[in-house]
Every structure is written in structure tokens, then in C-alpha cells.
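The values are calculated or read from the model by the stated rules, or taken from the named source; none is laboratory data. For clarity, every value in this text was computed on a predicted model and none was experimentally measured. Neighbour counts are summed over all protein chains in view; Cβ atoms, including those assigned to glycine, are modelled from backbone coordinates with ideal geometry. The area values use the complete protein model at the heavy-atom level, side chains included, leaving out ligands, DNA and RNA. Shrake-Rupley method; radii C 1.70, N 1.55, O 1.52, S 1.80 Å.
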Amino acid sequence: MGKDYYKVLGVSKSANDDELKKAFRKLARKWHPDKNPDNREKAEATFKDIGEAYDVLSDPKKRKIYDQFGEEGLKGGVPEGDFPGGMGGAGMGGGGGGAYHFDASRMDDILREMFGGDMGGLFGSMGGGMGGPGTRTFFTTTGPGGTRTFSSSGGGGMPFGMGGSMGGMGGSMGGMGGSMGGMGKRKAQDVTHDLYCTLEELYAGTTKRVKITRHCLSPDQRSLIPEEKVLTIEVQPGWKAGTKVRFANMGNEQPGSEPADVVFVVREKPHPTFSRQGNDLHYKARVSLEDALCGCKVDVFSPFENRILRVNCRDVITPTYTKRVVGKGMPNRKQPGTKGDMVISFDIDFPSHLSDAQRAALKSAFEVK
């Protein structure tokens, strides 16, 4: 039987992103090896399991594969015929055949995301104290990129996760008296690209193929040669600007280093008609003063549904009035099957001139009780 990631984090199978983050933060504080000196072996194993469980369940694609095939399917590599698009693509952690592998550098990324740039946020009331100098190795992972360790440095205030940014120390430094042969490979810096998407693409989802040029080591392992590669990105409905898609070890190679990751950051192209705020779509309609006062019907063409939405406005429309059309916004990634709203605001066309007769008619209308 494989690991039950939901049980590891203590969450239900319907847990959303906020619930997963809350569970991870709580358990990471509880099981950090430096807070469990009398039970370090169990703490190290649990700490790694917590990170792995969060890494899988917080990623929609990995979570879908896990829910269908379990840990064995996730790590063994699901045949492409069994899962649309196979296991390749964003964030699968590298490995042959698209198999998932959790390593120390990914634990670094998670801890930075959750607790910021140093261990203070993780240790809370302990003030970030690490209990003395030196490097502590919490766990070691072995995968296609070699052996990686996750460790932290003592002395307080030092960046956590030395294993990810520096390649980790292969065990205790032993007072600096030991050989440096245990030093692992450092990870090359991420190669980041913008991925521009229209609102329509972020609404319905799409497949993007991006050609990149990476620098690879030549057979002599000394010089670099350029290589072109096409990466396929499955844009999911509801993705927002800032969403990151990571291709492990697909970036530049350097002598003595692990290959860089390629990271695409979703950028939202301006739309001529709509703007997005969270999961809501905002639209501005222009109406006459007569329509604003007497009520009207507003026709809004939705390029997302490719049809006209007719919206009845019976209220008096003021300059600050908005009309909310429920369920006509962007897909909600945290609640599959639901959408945000369409929010309509109004520009009111005021007449530049009124005749005496029109003024009299307006005054007479407002005098009616």
C-alpha cells in the first residue's frame, strides 16, 4: 500500500488550497527535526513525508494522478494511455518516463513559500534559534539528478534550506575537520520566462507549446552547446496571473552543477472589454440618463460563452451602482465546477443641454409623490 497523503496532512480528500497550507504549516512547526532532538529519526521521516504530501496535493495535476492511481502510479509513471497528456510536463519533479520524485530542493521551495526567507517563521516563538552552529542534515533524497540533502544552518538568521540553494552538505561537517568530498552539486539558477495568456485562454484552458534554447554540456563536460527544445504547457481553466509552471532540470547546464529548472510565469494579456479581479469579470456598460432613471436592458457579448447575455436593470442606476450576474465569471480553481461573477458598472451619458420644456417636464416628474 502506498502513502495516504491526505492522512499524512490530516485533511479530507476535498481539502482546498487554504486547508492544505494550514495543515502543512502546523505540522512543519511540530515535526521540524530541530524541535524534536529526542526523537530526531522519526521527526526527519515525518518532516519529509509532510513536504511530499503537500507537494502532491497542492498541485492539481499531481493530485489528480494520485487520486486515480495512488503513490505507486505517481512515482512509477502512468502510461500515457491511462492519463491524458501522460505524466510529463509541469512540476512533476523530473525523472525518467515522467515519474514523480520529491527531492530536497522542492522542500526548499515549499518552506520559502510558507515561511519566508529564514527559519524564524517556522520556529515561531522560538525566535528562529537553531540551537547552535553547524549544519544539520534532515533528510537525503536520491533521484535522476543525483543525491540531494535538505539541511539548515545554525546561528539564527541564516537562510533555511541550504540543501536546495547550495546542493546541501553530505552529512555533518564534523567541525569543518572532515573532507569536503561530501559536498553535493549545487542547483543552477532557475530560468524564468513569461507566459502570456488571453482571458479567453485562462477561461477555457488551452495548450501552449513554447520553444526554448538551453545550453547543454558538451561530451567533454567543459564547454556548452545550444539545444532547442519545445515544452508543452497545459493551461488549466481558472489559472491566474502569477501562476508558475516548473519544468525540472530542463534549463541550462553548468559544469559541476545540476541543470536549472525552467519556470514559466503566467501573465494576463489586457482584454479590450473585460478586466479580471480574482474570479470575477468586470464589464463597463454605457447607458443614457433616461435608461439610468427608468430602467433598461443591457446586452453584454460574452466572448467566453460566445453569446449575448441580456441583463435586466430595474434599479435606478447611479454612478456607483453595479449589477452582479452570478456564475458568469472565471472558473474557480479552488472550487471545481463553480465560477465567479460578472460585475457590470455603468457610464451614464448626461445630456449637454436641456430645453425649457424639458426642464419643466423633469421638475414636474420629480414633484409627483
Exercise for the section: Taking the convex hull of the Cα atoms, report for the range 211-338 its projected area averaged over all directions, in nm². Expected result: 11.4
Completion exercise
A chain fully extended from ASP18 to ARG314 at 0.36 nm per residue, minus the present Cα-Cα distance, gains in nm 102.7 nm
Practice task
Order the peptides 32-39, 317-324 from the highest to the lowest mean number of other Cβ atoms within 10 Å of their residues.
Solution key: 32-39, 317-324
Practice task
Give the calculated FRET efficiency between ASP4 and VAL265 to the nearest 0.05, with a Förster radius of 45 Å applied to their Cβ-Cβ distance.
Solution key: 0.85
Practice task
Go ahead and collect, in residue order, the members of the range 258-298 whose backbone nitrogen is under 16 Å from a label point 7 Å along the Cα-Cβ direction of ASP194.
Solution key: 263-271
Completion exercise
Here the gain from full extension of ALA241 to ALA365, 0.36 nm per residue of separation minus their alpha-carbon distance, amounts to 39.7 nm
Fill in the blank from the handout: Taking R0 as 51 Å and r as the Cβ-Cβ distance between THR322 and LYS64, the FRET efficiency 1/(1 + (r/R0)^6), rounded to the nearest 0.05, comes to 0.90
Practice task
Whenever you get a sec, line up ILE225, ILE110, ILE308 from highest to lowest accessible area (probe 1.4 Å, protein heavy atoms).
Solution key: ILE308, ILE225, ILE110
Completion exercise
Looking only at lysines whose Cα falls under 25 Å of LYS7's and that sit 8 or more positions away or on another chain, we get LYS21, LYS22, LYS26, LYS30, LYS35, LYS42, LYS48, LYS61, LYS62, LYS64, LYS75, LYS334
Practice task
With label points built 7 Å along Cα→Cβ from the Cα atoms of LYS297 and ARG40, find their separation and express it in nm.
Solution key: 7.6
Problem - Eligible lysines near LYS328 by straight Cα distance, threshold 16 Å, same-chain separation 8 or greater - result: LYS284, LYS339
